[in-house]
Amino acid sequence: MEGAEIRRKFLEFFAGRDHEVVPSASLVPQNDPTLLFTNAGMVQFKDVFLGREHRGYTRAVTSQRCLRAGGKHNDLENVGHTARHHTFFEMLGNFSFGDYFKREAIQHAWAFLTEELGLPEEKLFVTVYTEDEEAARIWLDEMHIDPERFAYVGAADNFWAMGDTGPCGPCSEIFYDHGPELPGAPPGSGEDEGDRYVEIWNLVFMQYNRDGDGTLHDLPNPNIDTGMGLERIAAVMEGVHNNFDTDLFLPLIHQAAEQAGVRYNESDATDVSLRVIADHIRACAFLIADGVIPSNEGRGYVLRRIIRRAARHGRMLGIQGAFFHQLVQPLVDAMGHHFTELDEQRATIERVLKIEEERFAATLTEGLAHLDEVIRSLPADAAQIPGEAAFRLYDTYGFPLDLTEDIARERGLSVDNAGFDEHMAEQKARARASWGGSGEEQVPQAYYELLENHQGTEFLGYQSLSAEASLG
Ligand code: ATP
Ligand code: MG
Ligand code: MG
Ligand code: MG
């Protein structure tokens, strides 16, 4: 079963259970200036959960595009190294706004997995929050889950909160056991679950409101917020152990492999690069489709960092010249059907990526040579790349700090971040003292033009979102 079909089945399953099918919101949160990116399905419903906004429905279902590449949730460093983490992914979710609660949420989830998708119960593992006896009883006594595949887990994993105060509550998570040939221990054992026991679905039971003293008060109408990673359930349904081996990623990986003249599954090193590139093209394309333009700060800098990391992996694969933008078409083929904004913005996305990659190409070559030189000249027992060198790479060659850290990690080194920060602070002080207009980034004219074109679409997107927030 392909990813697109799972998405469709999920939306239809919950539509059939009276859920409003609501389109994915933008990666750029429209109602929350404190949040860098939409990182979960609930983000677009935050005000509904808080009771500040009312919609014409009390049950909703979405497939929400998410980005976890900055802020509190950052999975950037995991990408390519685990079978299950991406920067950009889709979160399938069903929501109840004061409508059904724990029992029904559990029943829906279990029915979707075991009946609709036909997954064998023996492959599933369930956790609840240590103090949530109510959920434990539902799973054990009513759903008849095998106690061998059930565990209580503490607050770090199984208690969710919107912030320091406000709505919060226990979670129940469902894992899929990919089998003993993979590394990892059962949830609740205190050891790493690895790529064996993969968390596929998180059910959040939003039943409390935490006040300023930290006291929990029962919410009069508790809510349900759930999230299941489409890529993870696709791996399960396609019988593979790595999300990157699903139909959602393989066309991208094969295209990159062709450009590089390598084959996927040939060597670990090239596989990591191919997976990183396949991950990053999704993140970058959707960011640009949602109106983000590469820049030196904020969201635009996250985009720039991701593009530059992808460019470096392309270089590691031996690709000469700009290649990244050529992955947009296979991505549109794979996802443009559901996410029409991707198809509509295709030309813009390609142009931005091409300009950005070409701008970085020359300094990438020089910077990599410089970094090699720095590493060669380190004493044999050195564990760190000096902050000054990392700063030089940033300042002269445009290497974001995380790119230097990534390269350092591959060589068994870390980076002196404090030293980097010191040099950065000094440079800022110097720039302030001699403010004469230099040192400003030259933004290519093409970006301004694209930005203008974009604002039109962003505005329309926002309008249509608030005016008719549903498909059906
Ligand atoms: P993990 O513990 O595996 O990092 P999480 O607990 O951080 O996941 P949640 O915040 O509970 O994840 O998000 C709900 C669901 O979204 C997860 O159960 C998982 O299926 C999916 N998900 C979370 N992060 C990622 C990611 N980086 N890439 C792909 N899917 C993800
Ligand atoms: Mg996580
Ligand atoms: Mg988790
Ligand atoms: Mg979770």
With a cut-off of 8 Å between alpha carbons and a minimum separation of six or more residues, what is the relative contact order of the chain in percent? 13 percent
Quick one: what are the phi-derived ³J(HN,Hα) couplings along the stretch 395-409, Karplus 6.51/-1.76/1.60 with θ = phi - 60°, whole Hz, x for glycine and proline? 6, 8, 10, x, 8, x, 3, 5, 5, 4, 5, 4, 5, 4, 4
Specify the inter-centroid distance of the stretch 229-308 and the stretch 327-400, based on alpha-carbon positions, in whole Å. 14 Å
Put +1 on the Cβ of each Lys and Arg and -1 on the Cβ of each Asp and Glu in the stretch 6-73; which of 44, 62, 31 then has its Cα farthest toward the positive end of the dipole? 62
Taking R0 as 30 Å, what FRET efficiency do you get between residue 122 and residue 380 from their Cβ-Cβ distance, rounded to the nearest 0.05? 0.05
With +1 on each Lys and Arg Cβ and -1 on each Asp and Glu Cβ, and nothing else charged, work out how big the dipole of the chain is about its Cα centre, in Debye to the nearest 20. 1160 debye
How many times 2.2 N^0.38 Å is the alpha carbon radius of gyration of the stretch 97-152? 1.13
Simple SL model, points at 7 angstrom along Cα→Cβ for residue 258 and residue 107; separation in nm is 5.0 nm
Where does helix 445-467 land angle-wise versus the long Cα axis of the chain, in degrees 0 to 90, nearest 10? 10 degrees
Can you send over the solvent-accessible area of residue 34, 1.4 Å probe, protein chains only, in Å² to the nearest 10? 120 Å²
Given 46/102; 9/123; 46/72; 102/123; 46/123, which pairs have Cα atoms separated by over 24 Å? 46/123
Residues whose placed amide H lies under 5 Å from that of residue 178, excluding near-sequence neighbours: 197, 198
Rounded to the nearest whole number, the Stokes-Einstein translational diffusion coefficient of the stretch 117-193 at 37 °C and 0.692 mPa s (Kirkwood radius, C-alpha pairs) in µm²/s is 243 µm²/s
Counting helices only, and only those DSSP H runs with n ≥ 4, report the 222 nm mean residue ellipticity of the chain as the sum of -39,500 (n - 2.57) divided by its residues, in deg cm²/dmol to the nearest 500. -13500 deg cm²/dmol
Under the definition of Cα pairs under 8 Å and six or more residues apart, what whole-number percent is the relative contact order of the stretch 136-250? 19 percent
How would you classify the stretch 3-59 from its alpha-carbon gyration tensor, with a ≥ b ≥ c the square roots of the eigenvalues: rounded for a/c under 1.5, else prolate if a/b is greater than b/c, otherwise oblate? oblate
Under the Debye formula (equal points on every Cα, no solvent term), log10 I(q)/I(0) of the stretch 35-125 at q = 0.11, 0.13 Å⁻¹: -0.44, -0.61
Under the rule a/c < 1.5 gives rounded, and otherwise a/b versus b/c splits prolate from oblate, where does the stretch 220-332 land using the Cα gyration tensor? oblate
Rounded to whole Hz, the Karplus (6.51, -1.76, 1.60) HN-Hα couplings of the stretch 258-274, x for glycine and proline: 5, 4, 8, x, 10, 10, 5, 6, 9, 8, 4, 4, 5, 4, 4, 4, 5
Hey, what did the stretch 1-128 get for relative contact order, percent, Cα under 8 Å, at least 6 apart? 23 percent
Rounded to the nearest whole Å², what accessible area per residue is found for the stretch 354-433 with the 1.4 Å probe? 53 Å²
Counting as exposed only GluC sites (Glu not before Pro) in DSSP loop states with no more than 15 other Cβ atoms inside 10 Å, the longest exposed-site-free span of the chain is 298-439
Can you tell me what percent of all Cα-Cα pairs in the stretch 30-188 are more than 28 Å apart? 27 percent
Would you work out the Kirkwood radius for the stretch 318-400? I mean one over the mean of 1/r across all pairs of different Cα atoms, in Å. 15.3 Å
What whole-number value in cubic angstrom gives the convex hull volume per residue for the C-alpha atoms of the chain? 170 Å³
Per DSSP, loop trypsin sites (Lys or Arg not before Pro) in the stretch 262-342 with at most 16 further Cβ within 10 Å: 263
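Mind ranking 86, 241 by accessible surface for me, highest first, 1.4 Å probe?
Ranked list, largest accessible area first: 241, 86.
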Percent accessible area from carbon and sulfur atoms, the stretch 93-187, protein chains only, probe 1.4 Å: 47 percent
Please express the shape of the stretch 288-446 as an equivalent ellipsoid: the semi-axes are the square roots of 5 times the eigenvalues of the C-alpha gyration tensor, given largest first in whole angstrom. 31, 21, 13
Counting Lys and Arg as +1 and Asp and Glu as -1, each charge on the Cβ, what is the dipole of the stretch 100-249 about the Cα centre in debye, to the nearest 20? 240 debye
Report the one residue of 267, 251, 324 whose Cα lies farthest in the direction of the positive end of the charge dipole of the chain (charges on C-beta: Lys and Arg +1, Asp and Glu -1; origin at the Cα centre). 324
Computed from the beta carbon distance with a Förster radius of 51 Å, FRET efficiency for residue 81 and residue 433 to the nearest 0.05 stands at 0.75
Less than 10 Å Cβ to Cβ from residue 246, Lys/Arg counted +1 and Asp/Glu -1: what total charge do the surrounding residues give? -4
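The values are calculated or read from the model by the stated rules, or taken from the named source; none is laboratory data. In this text the structure is predicted, and so the values were computed from the model without any measurement. Cβ sites come from the backbone with ideal geometry, for glycine too, and all protein chains shown count toward neighbours. Keep in mind that these areas ignore ligands, DNA and RNA; they rest on the heavy atoms of the full protein, side chains included. Shrake-Rupley method; radii C 1.70, N 1.55, O 1.52, S 1.80 Å.
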